[in-house]
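Written out below as structure tokens is the structure these notes cover.
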Amino acid sequence: MQPDIQALEAEIKEFEISSPEDLEAFRLKYLSRKGVIPELLGSIGQAPKEKRAELGQQLNALKKLAQSRFDEKKQEFESGSARYAAATDDITLPPAPAPVGSLHPLTQAMSEIKTIFMRMGFTIADGPELEDDFHNFTALNFPPEHPARDMQDTFFVRKNEEDPSEDQVLRTHTSPVQIRLMKEHPPPLRAIMPGRVYRNESITAKSYCLFHQVEGLAVDTDISFAELKETLILFTREMFGSDTAYRIRPSYFPFTEPSLEMDIWWGSKKGGQWLEVLGAGMVHPNVLKSVDLDPQEFTGFAFGMGVERLTMLWYGIDDIRLFYDNDVRFLEQFH
Ligand code: PHE
């Protein structure tokens, strides 16, 4: 009797193999010593002589087909069971929680500061960290060769080895953004300008070579010193609560006149101290002139606050260096 090769081929292709048990049944049926294919191969001798060669070829092709289906499924089941074996003993246990990060405390404080000022009607602007002498000093009424330029320990950046007059600076404060803003937008202006600043200071618990400021600027035809004070006091109450102790002292900056500084009381178990958090004042007439605004027509106030100082007060952190160590044990506390 001639085996129906085509029917067998279809059978092998369609044999349902969805478990290791099915696979074993498949092997027994077609490939094992007593299986269909080896049996047929063994009986070639009984076929008519002229058909033997062709039959042999067909049966070998079938055997190959069955073997490759077998190998393929076997591999599939084995990799599946390898995964199964590698799982922990109780696969019904919920997975270990993935650690979730959190915003850096400075980022959190910064966004609180922005929110408060936005509620007061301030917009947000920014400017470059690599500044030129004009924006960082000259336009802000620092006279050439004036010691005030050294007051802020500046990092200079040499652009052209041959020409030191092209030197740039890492901005020592965010005040240069005032200049850029006034040049871009005619008053009325009311904006804050958050950003990084750099100073070549020795690193201590209270100072670092880089830190953040939020600059503020309001320019219009009738901006008063009273409005400046009111803005700063309202900010302090919003950020730290209405019973926070603060004080305002006269101070000096080349770009404001009159100028002030504000301190907030930092209470601790050992006692307490005043912590300086910002400088401010009425925009100096020379600054208005440097951006072609008429000081007879316009007045303005400006302030610059230290974000690290505010964050230290906000969270009770006593060492500024912690912000830059990126020790996860520290950062984890600010979820
Ligand atoms: N730029 C000053 C500083 O960095 C702060 C300041 C800003 C003072 C605006 C007055 C007005 O110390």
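According to the Cα-based calculation, Rg over Rh for the chain is 1.48, with Rh computed by the Kirkwood formula.
Can you find, among Gly101, Ile124, Ile113, the residue farthest towards the positive end of the dipole of the chain? Put +1 on the C-beta of Lys and Arg, -1 on that of Asp and Glu. After comparing all options, I get Gly101. All other residues whose Cβ lies under 10 angstrom from that of Met312 are scored, Lys and Arg at +1 and Asp and Glu at -1, for a net of -1.
Charge dipole (Cα centre; +1 on Lys/Arg Cβ, -1 on Asp/Glu Cβ; no other charges) of the chain amounts to roughly 1400 debye.
Close Lys pairs in the range 105-334 (alpha-carbon distance under 25 Å; sequence gap of 8 or more, or different chains): 8.
Within a straight-line Cα-Cα reach of under 29 Å, Lys13 can be paired with the following lysines, leaving aside sequence neighbours fewer than 8 residues apart in one chain: Lys29, Lys34, Lys51, Lys63, Lys64, Lys73, Lys74. Placing unit charges on the Cβ atoms of the charged side chains and taking the dipole of the range 5-85 about its Cα centre, the candidate lying farthest along the positive direction among Leu55, Gly80, Pro20 is Leu55. Sorted from greatest to least, the principal axis extents spanned by the alpha carbons of the range 197-279 come out as 45, 35, 21 Å. Computed from backbone phi, the HN-Hα couplings of the range 123-134 come to 9, 10, 9, 8, x, x, 7, 8, 10, 9, 4, 4 Hz, rounded to whole numbers (Karplus: 6.51 cos²θ - 1.76 cosθ + 1.60, θ = phi - 60°; Gly and Pro given as x). 3J(HN,Hα) along the range 162-172, derived from phi through the Karplus expression 6.51 cos²θ - 1.76 cosθ + 1.60 where θ = phi - 60°, amounts to 7, 9, x, 5, 8, 3, 10, 10, 6, 4, 8 Hz, with x in place of Gly and Pro. For Pro105, the shell of other residues with beta-carbons less than 14 Å away shows a net charge of -4, using +1 for Lys and Arg and -1 for Asp and Glu.
With a cut-off of 12 Å between beta carbons, the residues surrounding Phe298 carry a summed charge of -4, where Lys and Arg count +1 and Asp and Glu -1. Centre-to-centre, using Cα atoms only, the range 176-199 and the range 101-137 are separated by 10 Å. For the chain, the share of accessible area belonging to carbon and sulfur comes to 51 percent (1.4 Å probe, ligands and nucleic acids excluded). Size of the range 5-85 from its Cα atoms: along the principal axes, largest to smallest, the extents are 53, 20, 15 Å.
3J(HN,Hα) couplings calculated from phi for the range 28-38 with the Karplus curve 6.51 cos²θ - 1.76 cosθ + 1.60 (θ = phi - 60°) are, in sequence order, 4, 5, 10, 10, 5, 4, 9, x, 4, 5, x Hz; Gly and Pro show x.
The values are calculated or read from the model by the stated rules, or taken from the named source; none is laboratory data. It should be emphasised that the depicted structure is a prediction, and the values quoted were computed from it without experimental measurement. A quick note on method: Cβ atoms are made from the backbone with ideal geometry, for glycine too, and the neighbour counts reach across all protein chains shown. SASA here: full protein model, heavy atoms, side chains in, ligands and nucleic acids out. Shrake-Rupley method; radii C 1.70, N 1.55, O 1.52, S 1.80 Å.
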